[in-house]
1. Would you mind getting me the FRET efficiency between GLU52 and LYS120? Use the beta-carbon distance for r and R0 = 30 Å, nearest 0.05.
2. Under a plain spin-label model, where a point goes 7 Å from the Cα along Cα-to-Cβ, how far apart in nm are ARG28 and ARG80?
3. Hey, can you rank 71-77, 23-29, 54-60 by average C-beta count inside 10 Å, highest first?
4. Given a 1.4 Å probe and every protein chain left where it sits, what share in percent of the accessible area of the chain is carbon and sulfur?
5. May I ask for the angle, rounded to the nearest 10°, between helix 103-123 and the longest principal axis of the chain, with both axes built from Cα atoms and the value confined to 0 to 90°?
6. Which entry in [x] 48, 28, 21; [y] 78, 28, 20; [z] 82, 41, 31 matches Cα extents along the principal axes in Å derived from the coordinates of this structure?
7. Over the Cα atoms of the stretch 73-124, what radius of gyration and what Dmax do you get, in Å?
8. Using Cα atoms only, what is the angle between the long axis of helix 57-97 and the major principal axis of the chain, expressed in degrees (0 to 90) to the nearest 10?
Amino acid sequence: MQQGHKDLSIGLMATLRNLKIKTSTCKRIVKELHSYEKEVEKEADKTADMKEKGADPYDLKQQENVLAESRMMVPDCHKRLETALADLKATLAELKEANEQGAEIGDAESTIMEVEAVVKPTEE
């Protein structure tokens, strides 16, 4: 019987660990999103500069393709972030229901607030 009780505590530890992993995932995707947004800005400036200077049409077309690819990554990143956020919230809710405590919970809560600030503006 003692084995069953031990499994329960391992389950809770794994859940706290999962919370930590899901928190890190959200943070990583936010960094990725900012990186893609900067890249789009940089590529857009480069494209505009090439147009201004009358660049070779082939080179300009290639640059427009690079810009289009960068732009496609932003919505993809947003979707992944929304999924990761929902996942993090669900895990956090489970842990709170189990009255679990730890630094991971506070970190998850602040990460949720940060991520929501990033995700919300695009929904309006």
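The values are calculated or read from the model by the stated rules, or taken from the named source; none is laboratory data. Treat the numbers as computed from the prediction; the structure is a model and nothing was measured. Glycine also receives a Cβ, built like all others from the backbone with ideal geometry; neighbour counts cover every protein chain displayed. Ligands, DNA and RNA are excluded from the accessible area calculation, which covers all protein heavy atoms including side chains. Shrake-Rupley method; radii C 1.70, N 1.55, O 1.52, S 1.80 Å.
1. After rounding, the FRET efficiency stands at 0.30.
2. 0.9
3. Highest mean packing first, the order is 23-29, 71-77, 54-60.
4. Here carbon and sulfur together make up 54 percent of the probe-accessible area.
5. 30
6. Correct label, based on the coordinates given: [y].
7. Taking only Cα atoms of the stretch 73-124, I get Rg and Dmax of 12.4, 38 Å.
8. That works out to roughly 10 degrees.
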